[in-house]
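Take a look at the structure set out below.
Please treat every number below as a calculation from the coordinates, not as lab data. For clarity, every value in this text was computed on a predicted model and none was experimentally measured. So basically every Cβ, Gly included, is an ideal-geometry build from the backbone, and we count neighbours across all protein chains shown.
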Amino acid sequence: MPTILDRYLLRQLLPTLLLCLGTVLIALLLERLLRLFDILAENSHALPAVFKLVLNLVPYYLGLALPAAFFVALFVVVSKLGDENELDAYLAGGQSIARLTRPFLAVSIVLAVLSAWVFGWLQPYSRYDYRAVMYSALNAGWDARLQPGTFASAGSGYMLTADEVDKTGRGLRHVFIRREVAGREELTTGETGALTPSEDGSRLTLSLVGGDHYRDRPGAGLLAVHFATLDSNTAFTPDAPPFRARGGNERELSFPELLGGGLPDPATPLTPAKIAGELYGRIARTLSLPLLPLLAIPLGMSAKRGKRTASLIVAAVLMLLFHHGLQLGESLAESGKVNALAGVWTPWLLFAALCGYIYSQSLSRPGDNPVTRVVSAIEDFVGAIVSRLRPRKRASS
C-alpha cells in the first residue's frame, strides 16, 4: 500500500505532470493549426473542417507529448525536493534512492498502459479519420458563396473574386474572373454580378452587368469585348470519389490488426516487414516510459549542484537521439534492409542501458552521475582554454 511519503510524492508529481502535458500538447497543436490554416486558406469552404482535423490530431500529439511531459515533471519535482532540502532529509532518514523511485515508477507503468492504448487503438483510427477529413475538405465542392477580397474556385477552371459581397454571399460588386481553357487564359470583369445555383446544385449561373471580356488567342492576338450584360452557365466541380477504405497504411492498423498481419482486404497490401516494423516501433515507444524515471531522477538530483540547465540539455539530446533512432530503425525495418527486431530494439536497448547506467551510478552518490561528470569536464576544459586566451596583466614596475 502507498505510504505517506508515496502519497506526498504523487501529490507533487501529478499536478506538474498535467500542467506540462497540457503545455506541450497545446504548443504542438498550435503549430499544426497554423499549418492547417495555410493549407485550407485557399478553400474558404473547407475552413470549418479545421476543428475536426485538430481533434483527430490530439492522439498523435498525445503520444509525443506524454514522454516529454513526464520527464520534465519528474525533473522539476526532484529538483524542487533538492532545492528545499527535502531530499537531504529523506536520505538522512535512512531511505534510499531506489525507495524514492518506486512511486514514480508506478506512475510510469500506468502511463505506459495509457500509451499502449493511444498507440495501439486511438492513434490508428484518428489518423485515418484525419486523412479522410482532409481529403473531403480539399475536394469539397464550392457552395456558390463568396467572401469579399478572396479567390474562390467554381470548377471548370474558373477562379473569381469580388471587392464587395452582400450578406447572402451571392450579390457581387467589382467582379474579377480568371479562367484557363486548353492552355488559354480568359479574364472577365464586371461592375456588378449575381451568383445563382440551380435547384439540384449541379450548375451555377453567373450574371454580370457592365464589364469587359479578354481572351488570349495564340497567333491571333488578344480579343477584347465590352458587354452590357453577360450570363455564364457552368458546372460545379464534380464530387470527389469516396476516400479509400482504412488499412492502406500500416499506421492505420490497431495492435490486434498488426498482430494478425493486417486487414483481410486492404486497399493496398502491406508487406510483413512494414507490419513488423510498425508493431515493434509502437511497443518500443510504450516501453520507453518506465525508463524515464531512471534518467530523470539522477539528473534532477544533480540540479542542486548547479547543473540544471546542462542536465536538461543532455536529457533532451538523449531523448531526441532515442526518438530518431527508433524512426531510423523502423524505416530500415519497413524497407526490408534490416531485420525488424534488430532495427527497432537496438535503439531501445541502448537507451535502456544508458538510463540504467546513469541511475546505478547515482545510487551510491546522489547528485553525482556520469552526465554531471561529463558536464564538469567540459566546463573545466572550456575554462582552461578561456584562461589561456585571456590576456595577462603586466606587473607594474
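Per-structure values
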quantity: Per residue convex hull volume, Cα atoms of the range 49-194, in Å³; calculated: 193 Å³
quantity: Point-to-point label distance, S335-A182, nm (Cα→Cβ direction, 7 Å offset); calculated: 4.6 nm
quantity: Sites L259 and I313, calculated FRET efficiency, Cβ-Cβ separation with R0 51 Å, nearest 0.05; calculated: 0.85
quantity: Gain upon complete extension [V374, Y8; 0.36 nm per residue less C-alpha separation]; calculated: 128.5 nm
quantity: With eigenvalues of the C-alpha gyration tensor scaled by 5 and rooted, the range 46-112, Å; calculated: 39, 13, 6
